[in-house]
Amino acid sequence: MRIARLQTASGPQHAVLRKGTWDHIKDPFAEFLAFSGETTAERDAVFLAPVRPSLVIGIGHNLGNNNHALPIQAWHKSVHTVAGPGDEIVAVRGVGVVNVEGELAAVIGKRAEKLTPGNALSHVLGYTVVNDVTNVDQNQIDEKLFQGKSGTNYTPLGPWIETEVEDPDNVGTEVAVNGEVMAKSGSFNLPSSVTDCLVYVTQWLALEPGDIVMTGAPNTFVAVQPGDRVDITLEGIGTLSNTVA
């Protein structure tokens, strides 16, 4: 099932796609979906970021000097950087290279605290595409990742949440710039699973419905310039498109 957040005449509305029509729902996190009776034709849909998270958590999968995986590193990214499909990424210039990073994002569906490998994925509503835009040279100066990841619209999300992903650890990822594929990989190339990430994060921090866990970039980072169009496609989920200012 696809759940989107649409711009409508009455304001943002969540909706699910059924038979070519976006049927509006009252609460995407409810155990049983309630429909409002309003609809948006598929051709008329204007997509927003599919959720308004209270928290965005990034995951670093780093390697030691002898190329072995280090423990998961989690960090906060400001919710003020969240943007939707089609929004313009306002790249911070004059401070080094700007990278886009195509990643799988887990959308939390219910309160998640001290999860276990056995129950972690049951707390996920679904998955969406995230672009973790980064002024990568700043990471050498600010190891807390504040300076390099705080630009305007530096976290595009969308276009929707896909709730039926058979294996989140086997999702292909493709990053194209101006129509040319520049990076191709997938969550299968990450050293830690989605379950591992969720278990780790929730040992320290409780997550609430709508929160986002970005699961890491499996070598899907590409340098961009003003005027570039970026399309990030996750197999079985969709394509997130934005331009760079």
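The values are calculated or read from the model by the stated rules, or taken from the named source; none is laboratory data. All values derive from a computational prediction rather than experimental measurement. Cβ: placed from backbone, ideal geometry, glycine included. Neighbour counts: every protein chain shown. Ligands, DNA and RNA are stripped out before the accessible areas are found, and what is left, the full protein with its side chains, is counted by its heavy atoms. Shrake-Rupley method; radii C 1.70, N 1.55, O 1.52, S 1.80 Å.
What is the spin-label model distance, in nm, from T243 to D142 if the labels are put 7 Å beyond Cα along the C-beta direction?
2.7 nm
Determine which residues of the stretch 149-177 fall in the zone a paramagnetic label at M1 would reach in this model, i.e. backbone nitrogen under 11 Å from the point 7 Å along Cα→Cβ.
163-164
What whole-number distance in Å separates the alpha-carbon centres of the stretch 139-171 and the stretch 194-234?
If we compute the Cα centre of each part, the gap is 3 Å.
Would you work out which of A106, V46, S78 lies farthest towards the positive end of the dipole of the chain? Charges go on Cβ: Lys and Arg +1, Asp and Glu -1.
Farthest towards the positive end: S78.
Under a point spin-label approximation (7 Å from Cα along Cα-to-Cβ), what is the T152-E113 distance to one decimal in nm?
3.8 nm
Can you tell me the length gained on complete extension of the stretch W204 to V46, counting 0.36 nm per residue apart and subtracting the Cα distance? Walk me through the numbers on the way to the answer.
Working: separation 158, 0.36 × 158 = 56.88 nm, distance 3.65 nm.
Additional length available on full extension: 53.2 nm.
Leaving ligands, DNA and RNA out of it, rank D211, D27 by accessible area with a 1.4 Å probe, largest first. Write out the running numbers ahead of the final one.
On the way: D211 5, D27 65 Å².
From most exposed to least exposed: D27, D211.
Which listed residue (S150, V171, T215) has the Cα farthest towards the positive end of the charge dipole for the stretch 123-245, taking +1 on Lys and Arg C-beta and -1 on Asp and Glu C-beta about the Cα centre?
Sorting the options by dipole projection puts first S150.
What label, among (i) 60, 40, 32; (ii) 68, 57, 36; (iii) 56, 44, 28, belongs to Cα extents along the principal axes in Å computed from the structure on display?
Of the labelled values, this structure produces (iii).
Just to confirm a number: summing +1 for Lys and Arg and -1 for Asp and Glu over residues other than T243 whose beta-carbon lies under 14 angstrom from that of T243, what do you get? Mind dumping the intermediate values first?
Details: positive: R229; negative: D87, E88, D228, D231.
The answer is -3.
Applying the Karplus parametrisation 6.51 cos²θ - 1.76 cosθ + 1.60 with θ = phi - 60° to the phi angles of the stretch 85-91, what ³J(HN,Hα) value in whole Hz is obtained for each residue in order, glycine and proline being reported as x?
x, x, 5, 8, 6, 8, 5
At 7 Å along the Cα-to-beta-carbon direction for both H80 and E166, put a label point, then send me their distance in nm to one decimal.
4.3 nm
Where does the longest stretch of the chain lie that holds no GluC sites (Glu not before Pro) found in a DSSP loop with 16 or fewer other Cβ atoms within 10 Å?
Details: sites that count: E31, E113, E143, E164, E166, E235.
The reported range is 32-112.
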